[in-house]
Amino acid sequence: MTIQTHITAAGGHEAPPETELMLAFCESISCMQKFLLAELDLDDVGYSQDLAYSNWVRDSEVAFSNLADALGETRNLPVEIPEDTPLKRMALLMDEILGNEDPAAARAMHLKMQLMFFTQLQATGLSPTAIHRNGLLVHARHLVDAMMSFPSWDRDLTDDLLDDHGPTDEMIFGF
């Protein structure tokens, strides 16, 4: 006779808890996706004499404003459960990259995000909540990667990604 043993964590069949921070982070991801789509639309038409160009510019500006507001709201919410800490960190990082007017400094932050993603931007454990939060974080990472490929942040061929004297050394995350 066979003994059946479940290999899932205790409570693995239960939905992860919804917290205010998690819901706000989901809204931030949604706003980031809308911003990226608006920027792609704008990039597709380029600067043109098309009368609809101003509509695309307005859509992009509204999407940027909505994203900035959503990230600001996410930054201000308290962490209710330990699995939400990486969400807060990612929101802080996304807001810092988005608000940075120096492309080299934004690229340096993006590089640091890549280097510390699995150590500081992931929930620990195998609970359903941790797995759910990690899925959100991976999705956010892909959106940030896509944003960094846009011409406004795209690296110049002369940039040295590991420059010891550039913004990478000066950047400190308050984790």
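Are any residues in region 74-83 surrounded by 18 or more Cβ atoms within 10 Å (Cβ to Cβ) and out of contact with any Pro (no Cβ under 9 Å at 6 or more places or on another chain), and if so, which ones? Working first, answer last.
At the first step, the residues of region 74-83 found to be surrounded by 18 or more Cβ atoms within 10 Å (Cβ to Cβ) are 74, 77, 83.
THR74, LEU77, listed by residue number.
Among the residues of region 117-133, which ones are without any contact (Cβ under 8 Å) to a residue 40 or more places away in the chain and under 15 Å from the mean Cα position of the chain (by Cα)?
PHE117, PHE118, LEU121, GLN122
On the given criteria, is ASP95 closer than 16 Å to SER30 by Cβ, surrounded by fewer than 16 Cβ atoms within 10 Å (Cβ to Cβ) and among the charged types (D, E, K, R)?
So ASP95 fails the test.
Going by the conditions given, is SER30 at pLDDT 70 or above and surrounded by fewer than 18 Cβ atoms within 10 Å (Cβ to Cβ)?
Values: at pLDDT 70 or above: yes; surrounded by fewer than 18 Cβ atoms within 10 Å (Cβ to Cβ): yes.
It is true that SER30 is at pLDDT 70 or above and surrounded by fewer than 18 Cβ atoms within 10 Å (Cβ to Cβ).
Which one of THR74, THR19 is within 12 Å of the chain's Cα centre (by Cα) and modelled with pLDDT of 90 or more?
Numbers: THR19 fails: within 12 Å of the chain's Cα centre (by Cα).
Just one listed residue meets the conditions, THR74.
Among the residues of region 41-64, are any in a helix (DSSP H, G or I), within 15 Å of the chain's Cα centre (by Cα), at pLDDT below 95 and not small (Gly, Ala, Ser)?
yes
Between residues in region 81-102 that are free of Cβ contacts under 8 Å to residues at least 60 places away in the same chain and residues that are among the aromatic types (Phe, Trp, Tyr) and part of a helix (DSSP H, G or I), which pairs lie under 9 Å by C-beta distance while being six or more apart or on different chains?
That search, which allows pairs on different chains as well, returns LEU98/PHE35; LEU98/PHE64.
The values are calculated or read from the model by the stated rules, or taken from the named source; none is laboratory data. Just so you know, these numbers come straight off a predicted model, no measurement behind them. Reconstructed Cβ throughout: ideal geometry from the backbone, glycine too, with neighbour counts over all protein chains shown.
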